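Q: Let me give you the structure first, and then I'll get to my questions.
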Amino acid sequence: VPAACQAAGGGVKPGGPVALRRARLALVLGHTIPDDEVESIFRRLGMLVEARHDGWHIRPPAFRFDIAVEVDLIEEIARIHGYERIPSRPGQQATELGNAPAARISLDLLRAALVQRGYHEAITYSFVDREQDRLFAGGRDGVPLVNPISAELAVMRQGLWPGLVQALKHNLARQQRRVRLFEAGVRFVPSGAGLSEELVISGVVAGPALPEQWGEQSRPVDYFDVKADLEAILGLVGEPEEFSWTSEQHPALHPGRSARLQRHGAHQGWIGALHPGLVKGAGLDEAPVVFELAANVLMAATRPRHQELSRFPTVRRDLAIIVACNTPVAGLVAAARDTAGAVLRDVVVFDIFAGEHIDAGQKSVALGLILQETSRTLTDADVDQIVGGVVQRLAKEFSARLR
């Protein structure tokens with residue numbers, strides 16, 4: 001073969017030397033081969049061998065153009081030495097156990113909670129139509145793709161609602177009257193600092209509130225049905241009272257039928273009926289209810305704390321107060337909790353009424369205050385003092401008066 005190469009090419013220049021480390025040879029093969037056998041193999045293959053303190057420098061003949069790097073030399077050693085002579089050994093690797101903090105909820109648990117409440121998980125494209133994306137984002141442009149699959153998948157989604165609404169249309173067109181879909185995915189929000197990726201859980205709900213049955217009359221799902229589903233999810237986080245809903249506007253939601261979710265004043269998500277313009281543009285007969293939650297915040301839960309069960313009876317006092325129609329009931333409940341303190345076990349809103357015997361522009365809200373001590377039985381004087389403080393706080397902040 002060398003003579004043929006010389007005759008054909010008029011002389012083929014040999015390649016440069018290739019370094020072979022002794023430690024690397026043993027590591028790759030998992031077996032130690034004596035130095036004299038290594039050198040013997042290379043010489044029998046027509047290679048020049050130069051021993052070094054950590055291995056060898058091997059100069060292959062010119063016709064062995066397949067010898068270029070260290071692993072090529074190791075392959076030659078294994079081939080000539082014999083693969084059957086290299087013993088098999090199971091690999092070993094040290095494993096470090098990761099941290100699993102108790103104050104963290106997995107995304108799978110949040111998914112499972114929605115499934116238990118009758119939702120189906122959907123997976124939609126991360127790319128959406130440019131115009132649809134702008135409509136749902138309030139006119140803000142998303143990040144365009146350099147080489148989009150099609151015009152309908154031209155930008156990176158700024159939210160999951162466009163894809164979920166398309167999935168809703170697809171199901172309604174196939175005679176699925178009751179649709180509950182959610183998706184856990186990433187949305188891409190452009191900002192001055194660049195493109196940020198936010199993990200969110202979004203959903204769309206349409207159709208009857210309950211499955212078809214004989215025990216209840218059929219009615220369409222509303223804002224409060226979906227809000228109850230989300231509050232069940234917030235209950236997994238621990239201390240759901242830390243979350244609050246405030247009536248605010250969103251470009252994709254119906255004015256007056258939307259709310260922002262907050263926790264200690266920080267934004268956590270949205271809920272509301274789809275905007276009439278988007279409902280008409282999508283060709284829907286009724287406005288579905290949509291929601292969006294910041295998944296990373298929900299996954300950071302509060303660690304459970306032990307609390308002794310009280311041996312003493314609870315005391316309930318009901319209040320019926322008159323406030324302005326635009327007064328949020330959540331504000332009344334928050335003020336009552338803050339004023340009563342740890343003695344207040346729960347606040348129940350059991351009636352809201354406006355109409356006959358109530359002045360125009362006002363409403364009646366009935367609150368049930370459930371009180372309990374862990375060290376003693378509450379006396380009437382104790383209860384009167386707590387209830388009186390709550391009434392004064394409501395009168396001061398909301399101009400409330402007893403009915």
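Q: Give the number of residues within the stretch 244-295 that are within 24 Å of Asn171 (Cα to Cα) and in a strand (DSSP E or B).
A: 12
One line per residue, one yes/no per condition, for (1) over 21 Å from Ala184 (Cα atoms); (2) crowded, with 16+ Cβ neighbours inside 10 Å; (3) aliphatic (A, V, I, L, M):
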{"residue": "Gly203", "(1), (2), (3)": "no, yes, no"}
{"residue": "Ala209", "(1), (2), (3)": "yes, no, yes"}
{"residue": "Ala232", "(1), (2), (3)": "no, no, yes"}
{"residue": "Ala252", "(1), (2), (3)": "no, yes, yes"}
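Q: Return a yes/no flag: does the stretch 298-310 have any residue that is surrounded by 15 or more Cβ atoms within 10 Å (Cβ to Cβ), closer than 30 Å to Gly203 by Cβ, touching a residue at least 24 places away in the same chain (Cβ under 8 Å) and touching a strand residue (DSSP E or B) at 6+ places or on another chain (Cβ under 9 Å).
A: Scanning the stretch 298-310, I find at least one residue that is surrounded by 15 or more Cβ atoms within 10 Å (Cβ to Cβ), closer than 30 Å to Gly203 by Cβ, touching a residue at least 24 places away in the same chain (Cβ under 8 Å) and touching a strand residue (DSSP E or B) at 6+ places or on another chain (Cβ under 9 Å), so the answer is yes.
Q: Within the stretch 104-136, can you find the residues that are at pLDDT 90 or above, assigned to a loop (DSSP other than H, G, I, E, B) and surrounded by 12 or more Cβ atoms within 10 Å (Cβ to Cβ)?
A: Selection gives Arg117, Gly118, Tyr119, Ala122, Thr124, Tyr125, Ser126, Asp129.
Q: Then there is this: Residues in the stretch 282-310 that are at pLDDT 90 or above and either touching a Phe, Trp or Tyr at 6+ places or on another chain (Cβ under 9 Å) or of a type outside the set (A, V, I, L, M, F, W, C) (or both): how many?
A: Residues meeting the conditions: 9.
Conditions (1) surrounded by fewer than 17 Cβ atoms within 10 Å (Cβ to Cβ); (2) outside any loop (DSSP other than H, G, I, E, B); (3) of a type in the set (Asp, Glu); (4) not assigned by TED's automatic domain parsing to the domain that holds Arg22, marked per residue:
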position	(1), (2), (3), (4)
Phe65	yes, no, no, no
Ala68	yes, no, no, no
Leu73	no, yes, no, no
Ile80	yes, yes, no, no
Gln92	yes, no, no, yes
Thr95	yes, no, no, yes
Asn99	yes, no, no, yes
Ala102	yes, no, no, yes
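The values are calculated or read from the model by the stated rules, or taken from the named source; none is laboratory data. Predicted, not measured: the structure shown is a model, and the values here were computed from it. Backbone-built Cβ (ideal geometry, glycine too); neighbour counts: all protein chains shown.
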